[in-house]
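Each remark here refers to the structure printed beneath this line.
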Amino acid sequence: TRLRCDWSSDVCSSDLVMSATDIFILPSLREGLPTVVLEAMSYSLPVIASDVGGTSEILFNEETGFLISPADVDSLIEKLLFLIENEFQRIAMGRAGRELVEDKFSLKKMTSSIEGKYLELYQLKYS
């Protein structure tokens, strides 16, 4: 089936797009911490992304997807073809990414981590 999106309206949500996707690609020259990579992994998608900014802090090469050098089109094509041709590996990487997001980046985990940092700072100041 073919997914048709009208980006000028809410006809096509990110949920609809991610659910219709098998592989997520983020070929960037610059990034901060690309939360869209975490979003893609939450949908059990393997990710191919440029190794820029904080991408390597959330995407583990050959575990949850592939990190490629910025502007390296040949590597992007190679990794994309690998994932297209290797369904087992594609699914395994997608599951590993989903587990990573659930273990490290869930709302409960992030809230607990931030709370811990605040408590640590409070104790440093008032102890």
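The values are calculated or read from the model by the stated rules, or taken from the named source; none is laboratory data. All of these numbers come straight from a predicted model, not from anything done at the bench. In this analysis, Cβ positions are derived from the backbone assuming ideal geometry, glycine residues included, and neighbour counts consider all displayed protein chains. Quick note on the areas: whole protein, heavy atoms, side chains included, nothing else; ligands and nucleic acids left out. Shrake-Rupley method; radii C 1.70, N 1.55, O 1.52, S 1.80 Å.
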Look at residue 80 and say whether it is open to solvent by less than 90 Å² (accessible area, probe 1.4 Å), at pLDDT 95 or above, within 27 Å of residue 113 (Cα to Cα) and under 16 Å from the mean Cα position of the chain (by Cα).
no
Please find, within the stretch 94-127, the residue that is surrounded by the fewest Cβ atoms within 10 Å (Cβ to Cβ) out of those that are closer than 13 Å to residue 38 by Cα and either touching a strand residue (DSSP E or B) at 6+ places or on another chain (Cβ under 6 Å) or of a type in the set (D, E, K, R) (or both).
103
Within the stretch 12-38, residues being of a type in the set (A, V, I, L, M), within 18 Å of residue 103 (Cβ to Cβ) and not in a loop (DSSP other than H, G, I, E, B) number 2
Filtering the stretch 42-53 down to residues that are small (Gly, Ala, Ser), more than 21 Å from residue 86 (Cβ to Cβ) and open to solvent by 10 Å² or more (accessible area, probe 1.4 Å) yields 42, 53
Filter result (of a type in the set (Ser, Thr, Tyr) and not in a helix (DSSP H, G or I)) within the stretch 39-92:
43, 44, 50, 64, 69
Count - residues of the stretch 10-34 that are farther than 22 Å from residue 62 by Cβ and either open to solvent by 30 Å² or more (accessible area, probe 1.4 Å) or among the small types (Gly, Ala, Ser) (or both)
12
Which numbered condition residue 38 fails, given (1) under 20 Å from residue 104 (Cα atoms); (2) free of Cβ contacts under 8 Å to residues at least 60 places away in the same chain:
(2)
